[in-house]
Amino acid sequence: MADTGLLEALLRLLEKVDGGIDSQDVAADLGVDHQLIVGAVKSLQALGEVISAEQKSSKRWELTGEGREIAEQGSHEARVFNAIPDEGLPQNELMKMPSGKVGFSKAMSNKWIRLDKAHEGGPRVFKTVETIEDTVRDKLQLVQKGLSAKLEDKEKNELKKRKLLSEVTVKSYWITKGSSFSTTITKQETELTPEMIASGSWKEKKFKPYNFEAMGVAPDCGHLHPLMKVRTQFRQIFLEMGFTEMPTNNFIESSFWNFDSLFQPQQHPARDQHDTFFISDPALAHEFPQDYLERVKQVHSEGGYGSQGYKYDWKIEEAQKNLLRTHTTAVSARMLYKLAQQEKFTPVKYFSIDRVFRNETLDATHLAEFHQIEGVVADYGLTLGNLMGILHQFFTKLGITKLRFKPAYNPYTEPSMEVFSYHEGLKKWVEVGNSGVFRPEMLLPMGLPEGVSVIAWGLSLERPTMIKYGINNIRELVGHKVNLQMVYDSPICRLDS
Amino acid sequence: MPTVSVKRDLLFEALGQKYTDEEFDELCFEFGLELDEITSEKEILIREQGGEKAEGASDVVLYKIDVPANRYDLLCLEGLVRGLQVFKEKLEAPRYKRVSPADGGEPQRLVITEETASVRPHAVAAVLRNITFTQERYESFIELQEKLHQNICRKRTLVAIGTHDLDTISGPFTYTAKPPGEIRFKPLSQSREYTAAELMSLYKTDSHLRHYLHIIENEPLYPVIYDSNGIVLSMPPIINGDHSKISLNTKNIFIECTATDLTKAKITLDMVVTMFSEYCDEPFTVEEAEVVYPDGRLSVYPELAYRTETLSGDFINKRVGINESAESIAQLLTRMCLRSEVSGEGDLIQVEIPPTRADVIHACDIMEDAAIAYGFNNIVRSTPRTYTVANQLPVNKLTELLRQDLAAAGFTEALTFALCSEEDIADKLRKNITETRAVHISNPKTADFQVARTSLLPGLLKTIAANRKMPLPLKLFEISDVVLKDETKDVGARNNRRLCAVYYNKSPGFEVIHGLLDRVMQLLDVKPGRNQGYHIQAAEDSTFFPGRCAEIFSCGKSIGHLGVLHPDVISRFELTMPCSAIDIDIEPFL
């Protein structure tokens, strides 16, 4: 901060003028270096609205070092003239003077002096006039006083040629009064302190303004993973809709519950080694509800419950094979079977969001494991229109209102519908989920009453999350190759906005 | 989902109407198909093999159409056109008829010998008489067989199709099985005879056929079909003989399907003959063939069976959520190739399921077709009145609550894979794989999927390794499931919900991790103390640095460990800084 005296002097000057003043003039008025005034202007600016200052630049004539010397001591030629006594001076002595050489030739051409080369004792210089007028010095003194305008351009250029004057660009400030102009300066405090609060001194103090352009200091905190944030939201949506969470904490499943109970035939491609992770240890499941298993076997191999069946040789060995579940629908099957064992059927709404596993080729959008979101409703008399209605409600909560449905095929649902939503960005319909009504061949062997329909739908958790957070490579989201900075920076998740 | 590729102009010609791409896409959507791609042979070649190879390739526009996996009747142009024309009510579904030989002669006969029982016991056959091929029809005929092989035939394991120029062979035919050395014939596209054994090694390098060799490779006897003169028709499911190969000029086709699944063989045969009998002099008729089993049983194929189901209009209305008259529903079903009429008794509808619709096995399949014909998107969407009260799964509820507070405690949540390598859970943690109780995967494609994790720690350490550029300290946690073998469960394994956290910095920070334990226990409302509370006690665990590990007890029960990781563990996960960790079971707190 520039010293308070200078600041106040500047402010007093400013107080006297209407409009504003130039910092260069201030420097001249106060007789201080312009740079100090620039410093004072900056300090005053930092105080808020005391002054306002606008930078400007102008050209100005200024004395060079030699020019200043001449303004003080006279021109070289004048100095030479003044050094010569009436009886003259030997030339070689005159030449020894600092201004000798230049002064001699200029004084000669001004015809102020003459040289007597033939004088005995060597060449000698004599004055030729009584008095002289040192115009060079006068002109330079005018410039020094800031009155260069009084000189003609020709004169200025001549002095410039003699390297006595130079034309410089001057940066200066045009200073005007600010909205809170005052001629007294109070020292600014940086921060409020406990002492100020205790003593009440804060009332008299002025505080240095904050730089609101700067970023704050990041809080020292932990962060939740974006996929899990989205999972929380989906859980919330299901809970809002009255759905009960299914116990999906069993990654290892038997083929029986993963496929057979869902009326998925044993030769189905999904049961291929290429698509499913089978377990070598423990390789086989060893416990099934026996009578139910018999009914499943029958409906696959012979039909029944109004079905033709698949008419193939159903094998228990195939059903026993353990695997990493390929869908959470295996758990839905267990839950529906359990429901069917109740004394009296009660309607249920179930949901789950958990990991499923596929022995797939990995790429930017596919991993060997992902999270499946699933919703199931079981009640008497549910219709396909009901399924569409509940899907509409569910997707509305995700902020998706434009839905349409495409007939599709799924071994355990009939009808099956792919759910498409209109993507405003892509300007086309994109698939957002799968849905259907569970087949009677799945439900009736479980023991569910004939009139009960079960509607269900599913989608992946990763895809909406990638869209929500703008992630293109699934490995940056899921698994250990995650970019932690992305986790730190990810916003909260509101699916409907 | 199978994809059928058809020439657009040919398709529109057959449909008798031109569509814009958008219009056709819309029609597909409504019918349950998907116009997957619009391309050309040239484009495909450019994409797959580069511009040079595509020089001179056809740029006829191709539509690639995704067909539902159970609709074998839509796997060729003929079937697609028939389905769509009937759907649009421009055509009545044809009736497929099995006929006896026209000249009153004996039907063709295929005799199965008992040797086939061990390898491929079933066979069915039929004859397409007086067929007229064009280049397009011929290509479609070959392509349909390939599509059927890939789908219903399960890559020829369940069924293999052989088609032969009947005029080059003479029945009766024998389907038998012989040692590979004894089968000798000139196969398709080869210039000389080979034994079956030689063929198997010849095809080892064939990009197409090598995928089918495994089906019979290790069998002592290979299936083979001969004509009455000992000419080899085919060696299913690998290759046909060259002698009987069909061509553009073939007039009479003998079709045989050999199988391990008789139902699928019958369906496959029905599909081939229903699709292509259209081009016979007497369209949609198929000449029967007899198949004689080793026990003397005689069956006549193709079955071309029509089945009638009776259901009520009310059933359809109630399941779909519409309110249509029985007549109108019958009309909807007829548009789906299910010829239907109201029987006069109440609102009962007689629905005839043709041999092309093998996917219709239950009334619910008929209901779906009615809904498709009605238009899924014309159905009024209504909210079910099902009243239920929601409940959270306790272990997930606890997890959700703890996650929030762990993040509030300054730890960042990781999400790591449930599958990993044996090394991750054993060697790298200085454990023996046998003591991990790990569940092992039998068919992993890479070492990353050998086992289900038994600990969350490797995933967290790998997460740190992948984020070494981030400023220290790194504080991570995960609450998720590990999988452990458990004899008491029906599948022999169970999940276990665990909480794991790590602190990675220039100093080990045991006190930080210990502080986290104290905080977690505070959140779980467990006070410090020996009996009813929690305490930690020095312990040895090979994953941890000796003397820097403690076992955690809650209410007298061991729930996990905490400590400073062993330097070998740190370096095996490619880390360089000291690291402390906590790993506890949260299920005791439910």
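Exactly one residue out of A:Glu191, A:Glu167, A:Glu195, A:Glu158 is closer than 30 Å to A:Arg12 by Cα, among the acidic types (Asp, Glu) and at pLDDT 80 or above, and it is A:Glu191. Highlighted here are the strands (runs of 3 or more DSSP E) found entirely within the range A:246-342 that include at least 1 residues which are touching a Phe, Trp or Tyr at 6+ places or on another chain (Cβ under 8 Å) and crowded, with 16+ Cβ neighbours inside 10 Å: A:252-254, A:322-324. Where helices (runs of 4 or more DSSP H) fall wholly inside the range A:130-228, the ranges with 3 or more residues that are farther than 30 Å from B:Pro471 by Cβ and of a type in the set (A, V, I, L, M, F, W, C) are A:135-144, A:194-199.
Yes or no, residue by residue, for (1) among the polar types (S, T, N, Q); (2) buried (at least 18 other Cβ atoms within 10 Å of the Cβ):
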site	(1), (2)
B:Lys506	no, no
B:Gln522	yes, no
B:Pro528	no, no
B:Pro546	no, no
B:Lys557	no, no
B:Val564	no, yes
B:Ile584	no, yes
B:Pro588	no, no
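If you check B:Lys251 against the conditions, is it crowded, with 17+ Cβ neighbours inside 10 Å and over 31 Å from the mean Cα position of the chain (by Cα)? It is false that B:Lys251 is crowded, with 17+ Cβ neighbours inside 10 Å and over 31 Å from the mean Cα position of the chain (by Cα). Whether any residue in the range B:269-283 is touching a Leu at 6+ places or on another chain (Cβ under 9 Å) and part of a strand (DSSP E or B) is what I want to check. Yes, that holds for at least one residue.
Per the listing A:Asp291, A:Asp275, A:Asp260, A:Asp281, the residue uniquely acidic (Asp, Glu), over 18 Å from A:Met335 (Cα atoms) and more than 8 Å from chain B (Cβ to nearest Cβ) is A:Asp275.
Remark: pairs (first residue in the range A:294-308, away from chain B (no Cβ under 11 Å) and in contact (Cβ under 8 Å) with a residue 24 or more places away in the chain; second residue in a helix (DSSP H, G or I) and small (Gly, Ala, Ser); Cβ separation under 7 Å; 6+ apart in sequence or on different chains) = A:Val296/A:Ser261. One residue alone among B:Ile142, B:Ile169, B:Ile131 is aliphatic (A, V, I, L, M), surrounded by fewer than 18 Cβ atoms within 10 Å (Cβ to Cβ) and over 21 Å from the mean Cα position of the chain (by Cα), and that residue is B:Ile142.
Counting residues in the range B:568-580 that are in contact with a Ser or Thr (Cβ under 8 Å, 6 or more places away or on another chain), assigned to a strand (DSSP E or B) and not hydroxyl-bearing (Ser, Thr, Tyr) gives zero. Only one entry of A:Glu213, A:Glu189 meets the criterion of being more than 14 Å from chain B (Cβ to nearest Cβ), in contact with a Lys or Arg (Cβ under 6 Å, 6 or more places away or on another chain) and either free of Cβ contacts under 8 Å to residues at least 40 places away in the same chain or exposed (fewer than 13 other Cβ atoms within 10 Å of the Cβ) (or both), and that entry is A:Glu189.
A residue that is more than 36 Å from the chain's Cα centre (by Cα), assigned to a strand (DSSP E or B), within 28 Å of A:Phe251 (Cβ to Cβ) and aliphatic (A, V, I, L, M) occurs somewhere in the range B:543-559.
One residue alone among A:Gly470, A:Gly447 is in contact (Cβ under 8 Å) with a residue 12 or more places away in the chain and on the phi > 0 side of the Ramachandran plot, and that residue is A:Gly447. Within the range B:89-100, residues that are closer than 25 Å to B:Tyr301 by Cα have Cβ atoms under 6 Å from residues that are acidic (Asp, Glu) and in a strand (DSSP E or B) in these pairs: B:Val99/B:Glu287, counting only partners at least 6 apart in sequence or on another chain. Looking only at residues that are facing chain B (nearest Cβ under 7 Å) and in contact (Cβ under 8 Å) with a residue 60 or more places away in the chain in the range A:385-409, which one is surrounded by the fewest Cβ atoms within 10 Å (Cβ to Cβ)? It comes out as A:Gln393. Criterion first (within 8 Å of another protein chain (Cβ to nearest Cβ) and not in a helix (DSSP H, G or I)) does B:Asp448 satisfy it? No.
The number of residues in the range A:102-118 that are free of Cβ contacts under 8 Å to residues at least 12 places away in the same chain and not hydroxyl-bearing (Ser, Thr, Tyr) comes to 3. With a requirement of 2 or more residues that are without any contact (Cβ under 8 Å) to a residue 60 or more places away in the chain, the strands (runs of 3 or more DSSP E) lying completely within the range B:148-243 that satisfy it span B:222-226, B:232-235. Within the range A:141-186, restricting attention to residues that are among the small types (Gly, Ala, Ser) and touching a Ser or Thr at 6+ places or on another chain (Cβ under 7 Å), the residue that is surrounded by the most Cβ atoms within 10 Å (Cβ to Cβ) is A:Ser172. The strands (runs of 3 or more DSSP E) located wholly in the range B:55-126 include none with 2 or more residues which are at pLDDT 95 or above, among the aromatic types (Phe, Trp, Tyr) and on the phi < 0 side of the Ramachandran plot. Applying the criterion of being in contact with a helix residue (DSSP H, G or I) (Cβ under 7 Å, 6 or more places away or on another chain) and more than 9 Å from chain A (Cβ to nearest Cβ) to the residues of the range B:452-477, the residue that is nearest to A:Arg271 (Cα to Cα) is B:Arg453. Taken together, the residues in the range B:496-535 that are touching an Asp or Glu at 6+ places or on another chain (Cβ under 7 Å) and in a strand (DSSP E or B) amount to 4. Among the numbered conditions (1) closer than 21 Å to B:Glu217 by Cα; (2) of a type in the set (A, V, I, L, M, F, W, C); (3) crowded, with 20+ Cβ neighbours inside 10 Å, the only one that B:Leu188 does not meet is (3).
Can you tell me which residue among B:Thr334, B:Thr356, B:Thr383, B:Thr399 is in contact with a strand residue (DSSP E or B) (Cβ under 8 Å, 6 or more places away or on another chain), polar (S, T, N, Q) and farther than 30 Å from B:Leu474 by Cα?
Going through B:Thr334, B:Thr356, B:Thr383, B:Thr399 in turn, just one is in contact with a strand residue (DSSP E or B) (Cβ under 8 Å, 6 or more places away or on another chain), polar (S, T, N, Q) and farther than 30 Å from B:Leu474 by Cα: B:Thr334.
Looking only at the range B:389-399, which residues are within 7 Å of another protein chain (Cβ to nearest Cβ) and either assigned to a loop (DSSP other than H, G, I, E, B) or among the hydrophobic types (A, V, I, L, M, F, W, C) (or both)? Within the range B:389-399, B:Val389, B:Ala390, B:Asn391, B:Gln392, B:Leu393, B:Val395 qualify. Scoring B:Lys428 on the criteria (1) facing chain A (nearest Cβ under 9 Å); (2) crowded, with 20+ Cβ neighbours inside 10 Å leaves a single failure, condition (1). Taken together, the criteria exclude B:Ile38 from residues that are assigned to a helix (DSSP H, G or I) and either over 27 Å from B:Thr285 (Cα atoms) or touching a residue at least 12 places away in the same chain (Cβ under 8 Å) (or both).
Please list, ordered by residue number, the helices (runs of 4 or more DSSP H) wholly in the range B:303-388 having 3 or more residues that are within 9 Å of chain A (Cβ to nearest Cβ), touching an Asp or Glu at 6+ places or on another chain (Cβ under 7 Å) and crowded, with 19+ Cβ neighbours inside 10 Å.
So the answer is B:363-374.
The values are calculated or read from the model by the stated rules, or taken from the named source; none is laboratory data. What you are looking at is a predicted structure, and each value in this text was computed from that prediction instead of being measured. Counting neighbours? That spans all protein chains shown, and the Cβs are built from the backbone with ideal geometry, glycine included.
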